[in-house]
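See structure below.
The values are calculated or read from the model by the stated rules, or taken from the named source; none is laboratory data. Everything numeric here is computed off the predicted structure, so don't read it as measured data. Positions of Cβ are generated from backbone atoms using ideal geometry, with glycine treated the same way; all protein chains shown enter the neighbour counts. When the accessible area is computed, the model is the full protein with side chains, heavy atoms only, and any ligands, DNA or RNA have been set aside. Shrake-Rupley method; radii C 1.70, N 1.55, O 1.52, S 1.80 Å.
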Amino acid sequence: MTEYKQLICGFGCQGSQLFHLGSWEPFHLEAADICRHASDNGADQLFILDRCETEDQHQQMIGTLKEIASKVDIPIITGGWIKRFEDIKKYLYAGASAVFLDVSIDEHVDLIKEASSRFGSEAIYAYLPDAGYCKRVKEYEQLGASKIMVKDLCDKEDFSAFPDSLPVLAFSRVDSGGQEGIKKAADNLSGLYRIPAIQGAILCALPCEAYMDMKQALKETGLLVDTFESSIGWEAFKTNGNGLIPVIVQDYKTDQVLMMAYMNQEAFQKTLETGKMTYYSRSRKTLWLKGETSGHFQYVKSLSLDCDNDTILAKVHQIGAACHTGNRSCFFKTLAAKAYKETNPLKVFEEEYAIIQDRKEHPKEGSYTNYLFDKGIDKILKKCGEEATEIIIAAKNPDPEEIKYEIADFLYHMMVLMVEKGVTWEEITKEVANR
């Protein structure tokens, strides 16, 4: 697997409020939307420093972290409010992929071993307040930390004595002023990245929309960064007489077909460079960045070429509606249809979940689902336990039909529990994917 240098978007957080890391100027948008914007625009990871001052603020921050984790597709590193082992668990259960422990605090050093044993070393990082702690990196590695984070390393010029036993994430302030500012910052940052141990930089002042531009500037310096690169050259594509290739666009989560448009070579290259779908408008005879006027951008998740090399399939994160009519998809006019039973597993579960949720919100006389909700959590848990036992008994039967029936019964009761606790299928599938 290619080892790319990481660009990590850094924020501070107090309760539900995000701040620019370093300047501590507040953002004026929802925290989850800001982080999603960074994820869509090329950030490889998020770093969120918990700067809460009260227990109430911290509990609110945990809720904010959960919301962020539900919206982004990149790993989240967090920490800052750790007084006991349970605080590490709260961060991870809220959706963080890794938690950092400050090695200048003796209690945190003691927690490294316990936390890495419980959650795996890949989930525990050692935070070094300054480069003076570098001589103890071996100790942190033996305790179970998988990475180290160094606050002031990027301000030093002599890295010759820096240890390389663990990957390092270093903090770096990047004040970009347009393309020239990004290029200058990339030249400075490339020096940091050429230290073998440095795996990534936590950038403190780079605007969320500038991460892909920064990656392109770093790539020009010869560094390996995670950008979109086509495995097949444009010359191998079979275009029409006008040098265009059709592009089918799908939602990357639901696989819903959103629209069809065309690309020429320049549009294809722009799409790769920016990570935003760019097309060629046949009517205006010019490039067309989807969302430039409406704000309904399409952020690239993957591009595939069909077997004949004459059609591109794009999977995207669609902001807002794909169609100019305001519809989510351009394909909303039914021409002919026949009733069929949906068997896509996730869609079946989501539809059943929606029915159960509707029963909770709009009770129906005589509904067994409402009977469970009325009896409360203890009754729901009792039924889940009983149905799990039925699965075990059915598994002893050589006839597979019985166990299929019992598993279906268990899944229904489990979804009642999920609705009762406010847990969605998207959260469950994301957790499974993270493992």
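Of the listed pairs 215/301; 219/270; 89/301; 5/66; 66/430; 183/315, which have alpha-carbon separations greater than 24 Å here? Table pairs above 24 Å Cα-Cα are 89/301; 5/66; 183/315. The accessible surface of segment 194-288, taken with every protein chain in place and a 1.4 Å probe, is 49 percent carbon and sulfur. Between amide H atoms placed 1.01 Å from N, distances below 5 Å from residue 49 occur with 11, 12, 13, all of them 5 or more places distant or on a separate chain. Each peptide in 15-23, 381-389 receives the mean, over its residues, of other Cβ atoms within 10 Å, and ordering these scores from highest gives 15-23, 381-389.
For segment 311-435, the share of accessible area belonging to carbon and sulfur comes to 57 percent (1.4 Å probe, ligands and nucleic acids excluded).
Across segment 76-82, coupling constants 3J(HN,Hα) worked out from phi with the 6.51/-1.76/1.60 Karplus curve, θ = phi - 60°, read 10, 10, 8, x, x, 10, 10 Hz, and Gly and Pro carry x. Between beta-carbons, use under 12 Å as the cut-off and find the net charge around residue 386, counting Lys and Arg +1, Asp and Glu -1. Around residue 386, the charge tally is -1.
A simple packing score, the average count of other Cβ atoms within 10 Å per residue, orders the peptides 91-101, 287-297 as 91-101, 287-297, with the highest score first. Based on alpha-carbon centroids, what's the gap between segment 93-148 and segment 176-233 in Å, whole number please? Their Cα centres are 27 Å away from one another.
With R₀ set to 60 Å, the beta-carbon distance separating residue 53 from residue 308 gives a calculated FRET efficiency near 0.45.
The distance separating the Cα centre of segment 306-333 from that of segment 395-435 comes to 32 Å. Which FRET efficiency value, to the nearest 0.05, do you get for residue 138 and residue 352 by plugging their Cβ-Cβ distance into 1/(1 + (r/R0)^6) with R0 = 51 Å? With R0 = 51 Å, the Cβ-Cβ based efficiency is 0.45.
Let me check something: with ligands and nucleic acids excluded, how do 329, 283 order by accessible area (1.4 Å probe), largest to smallest?
Ranked list, largest accessible area first: 283, 329.
The Cα atoms of the chain cover 73, 68, 46 Å along the three principal axes, with the biggest extent listed first.
A simple spin-label model places pseudo-atoms 7 Å from Cα toward Cβ; at residue 420 and residue 253 they are separated by 2.6 nm. Given segment 57-106, what whole percent of its Cα pairs are spread farther than 17 Å? Result: 29 percent of Cα pairs exceed 17 Å. Taking every alpha-carbon pair under 8 Å whose residues sit at least 6 apart, the chain reaches a relative contact order of 10 percent. Using the 1.4 Å probe convention, the accessible area of segment 90-130 works out to 42 Å² per residue with neighbouring protein chains retained. For the chain, adding -39500 (n - 2.57) for each run of n ≥ 4 DSSP H residues and dividing by the number of residues yields -12500 deg cm²/dmol at 222 nm.
Peptides 367-377, 252-262 ranked from most to least packed give 252-262, 367-377, packing being the mean of other C-beta atoms within 10 angstrom over each peptide's residues. Normalised per residue, the accessible area of segment 166-290 is 47 Å², obtained with a 1.4 Å probe and no contribution from ligands, DNA or RNA. Fully extending the segment from residue 205 to residue 365 would add 51.9 nm, taking 0.36 nm per residue of separation and subtracting the current Cα-Cα distance.
Ligands, DNA and RNA are left out, and with a 1.4 angstrom probe the accessible area of segment 300-381 is 70 Å² per residue.
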